[in-house]
Every structure is written in structure tokens, then in C-alpha cells.
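Structure, as C-alpha cells:
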Amino acid sequence: MVKAMQKVIKNNWVIGNWKSNPSSLAQAKDLAKEITAINFDATNGQIMVMPTNLHLSSIVDEMKDSKVLVGCQDVSFTSATTGAYTGDCSAEQMQAIGAKWTLVGHSERRTYHQESDKQLIAKIENALKNDIGVVLCIGETLTEYEKNQTLNVLQKQLAILKEINELENNIDKLIVAYEPVWAIGTGKVPQVAEVENVHKNINEYLLTINTGLTKTPILYGGSVNADNVETFAKSDSIDGVLVGGASLVADKFATLAKTFFATKK
Ligand code: PEP
């Protein structure tokens with residue numbers, strides 16, 4: 001099966017970010033096997049999983065005959081190709097292994113690795129140069145949320161797209177994931193109306209950067225699970241979900257994905 005990225009579906013993305021889970025390759029393969037079995041219409045929705053780099057190659061192999069895409073959680077900012085960069089994995093290497101997309105700017109990387117805008121810009125350029133799509137994660141902290149700074153914070157995080165030379169020729173290789181930092185892994189979620197307002201604002205701001213970005217899928221992420229996913233799926237302004245914890249239990253992730261797709265029909 002050819003897993004081409006050419007046709008980017010605007011709606012219906014269900015992406016599982018496995019982070020540094022599970023603890024063994026055998027467990028990761030079991031999870032992949034079960035997710036591979038999820039029956040979904042790939043012309044109307046897309047499931048993607050993002051394993052840890054350590055398991056990436058095996059999971060690509062495990063899923064090669066399925067409709068599920070495999071992405072990575074990060075690419076190196078230091079080099080798009082190869083070089084003396086100990087510990088880094090370059091976009092060229094990710095591409096060669098079979099990763100179709102990468103996360104960039106996840107709040108855990110911004111927090112634990114103090115990733116700067118300059119680094120994020122380099123990562124996006126490196127990914128796009130190597131035909132890897134970018135899921136750009138943005139989100140405000142609880143303090144920023146409480147101070148009503150959300151929209152300003154998000155616009156500042158999105159503004160890096162103005163610096164991306166590769167964007168013009170790769171306009172369909174961008175997904176934006178709005179993930180309030182205070183909702184990630186906490187069980188707390190914003191009201192759907194709040195997410196809708198934010199997504200509307202993201203969409204408007206993207207258009208000021210490049211009118212081609214009108215088609216950019218805008219996902220919500222943060223404590224999405226099989227029980228609350230329908231609420232998000234019902235909103236026309238939510239084109240998909242980025243899921244952490246709930247993507248690690250195959251049957252729950254399957255229910256979540258199926259519910260999302262069925263609600264969007
Ligand atoms: C995430 O880390 O991208 C995420 C959304 O995590 P969780 O679903 O566990 O909140």
C-alpha cells in the first residue's frame with residue numbers, strides 16, 4: 001500500500017503521540033498491531049501514530065501494509081541531513097526510515113529542552129526539505145490562559161511560520177495542533193466554544209501569513225479520550241485530535257478514532 005502524503009485531508013485527523021512509551025519494543029509492536037486493525041475509511045479520515053525514535057523503524061515495518069501513517073516526535077534542528085551531531089536524528093534519516101510527519105514545538109519539548117523559535121524554524125525547514133510534514137504544536141500555559149493572553153501567545157508561536165522559506169512550496173504539509181499546556185495529561189479540557197474561538201483566530205492569523213493556509217487542518221489536543229472526543233468532533237472548526245495518554249490503550253484509541261470519524265460524517 002502506498003502511503004502518499006500528497007492528498008492532505010483537511011478534516012478527521014486522529015494522531016497518537018506515544019511520547020516515551022511503551023517501555024519495550026514488544027509492547028509497542030503489540031500496540032501497533034492492534035491499531036493497524038482499526039477499520040476506517042482513509043479517504044475520509046486519517047490515523048497516524050508517533051512512536052519514540054527507538055521504536056520508529058519497527059513500527060513503520062509493522063504498519064507498512066496498513067492505512068495508518070507513522071510519524072516521528074521530533075527532528076534535529078542542527079542538520080537536515082547527516083553530520084557530527086551526537087544524539088540527534090535528522091529529517092533525512094527520519095524520511096529514510098519512513099516517517100511521514102513530525103511534531104514540532106510540542107510543549108514538553110519547549111519546556112524540557114527550552115526549544116527556541118530559531119530552533120523550531122530550523123526543524124520545520126529541515127522537515128519540509130525532506131518531504132516530512134509538520135504538525136506544529138502551539139498552546140498557552142495556565143497562567144497565560146488565566147490572564148486572557150491565549151490569542152496573543154498563539155499568534156506569537158505561529159509567527160515563526162513567516163520565516164519558513166520552504167512553506168510556499170509545501171503549503172499542504174502543515175497541520176497546526178492547538179494544545180493548551182494546562183490540558184495536556186491533566187484530565188482538564190477547555191469548553192468546546194473556547195476551542196472554537198481559538199481555532200477561528202488561528203485560521204484568520206494563518207491567512208495573514210499565506211492565503212494558501214486556508215486549508216491547514218487545525219487540531220485540538222489535551223486530555224482527549226474516548227468519552228469526550230465526540231464533543232470535539234461535533235465542532236466544524238476542529239479538524240482532528242492529537243492524543244497522548246489515550247493513544248496507548250489500543251481498544252480505547254480505536255473507540256476514540258471511530259467515534260471521531262463517525263461524528264464527522
Ligand atoms: C499531547 O501530549 O500531545 C497530549 C495531547 O497528551 P494528552 O492527550 O495525554 O493530554
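For (1) within 16 Å of the ligand (Cβ to nearest atom); (2) under 30 Å from Glu163 (Cβ atoms), each residue gets a yes or a no:
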residue	(1), (2)
Lys188	yes, no
Ile209	no, yes
Thr216	no, yes
Val229	yes, no
Lys234	no, no
Ala246	yes, no
Phe253	yes, no
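Of the residues in region 58-69, none is in contact with a Lys or Arg (Cβ under 8 Å, 6 or more places away or on another chain), within 19 Å of Gly222 (Cα to Cα) and open to solvent by less than 40 Å² (accessible area, probe 1.4 Å).
For region 1-45, how many residues are at pLDDT below 95 and under 22 Å from Ile175 (Cβ atoms)? The number of residues fulfilling the criteria is 19.
For region 181-265, the helices (runs of 4 or more DSSP H) that sit wholly inside it and include 3 or more residues that are exposed (fewer than 15 other Cβ atoms within 10 Å of the Cβ) and either within 18 Å of the chain's Cα centre (by Cα) or at pLDDT 95 or above (or both) are 192-209.
For every residue, the table says whether it meets (1) in contact with a helix residue (DSSP H, G or I) (Cβ under 6 Å, 6 or more places away or on another chain); (2) within 14 Å of the ligand (Cβ to nearest atom).
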residue: Gln95; (1), (2): no, no
residue: His106; (1), (2): no, yes
residue: Ile121; (1), (2): yes, no
residue: Asn126; (1), (2): yes, no
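Of the residues screened, Ile121 is one that is within 18 Å of the chain's Cα centre (by Cα), hydrophobic (A, V, I, L, M, F, W, C), over 20 Å from Trp18 (Cα atoms) and open to solvent by 30 Å² or more (accessible area, probe 1.4 Å).
Every listed requirement among (1) within 16 Å of the ligand (Cβ to nearest atom); (2) surrounded by 18 or more Cβ atoms within 10 Å (Cβ to Cβ); (3) of a type in the set (Val, Ile, Thr) is met by Thr141 save one, (2).
In region 54-65, the count of residues that are assigned to a strand (DSSP E or B), away from the ligand (no atom under 16 Å from the Cβ) and of a type outside the set (Val, Ile, Thr) is zero.
Only one of the numbered conditions (1) in a helix (DSSP H, G or I); (2) out of contact with any Lys or Arg (no Cβ under 8 Å at 6 or more places or on another chain) is violated by Ile171, and that is (2). Of everything in region 82-101 that's without any contact (Cβ under 8 Å) to a residue 40 or more places away in the chain and among the β-branched types (Val, Ile, Thr), which residue is most open to solvent (accessible area, probe 1.4 Å)? Result: Thr86. The criterion of at least 1 residues that are in contact with a strand residue (DSSP E or B) (Cβ under 7 Å, 6 or more places away or on another chain) is met, among helices (runs of 4 or more DSSP H) falling completely within region 74-158, by 91-97, 107-112, 117-129, 150-158.
The values are calculated or read from the model by the stated rules, or taken from the named source; none is laboratory data. Source: prediction; values computed, not measured. Using ideal geometry, Cβ is built from the backbone for each residue, glycine included, and neighbour counts are taken over all protein chains shown. Side chains included, ligands, DNA and RNA excluded: accessible areas come from the protein's heavy atoms. Shrake-Rupley method; radii C 1.70, N 1.55, O 1.52, S 1.80 Å.
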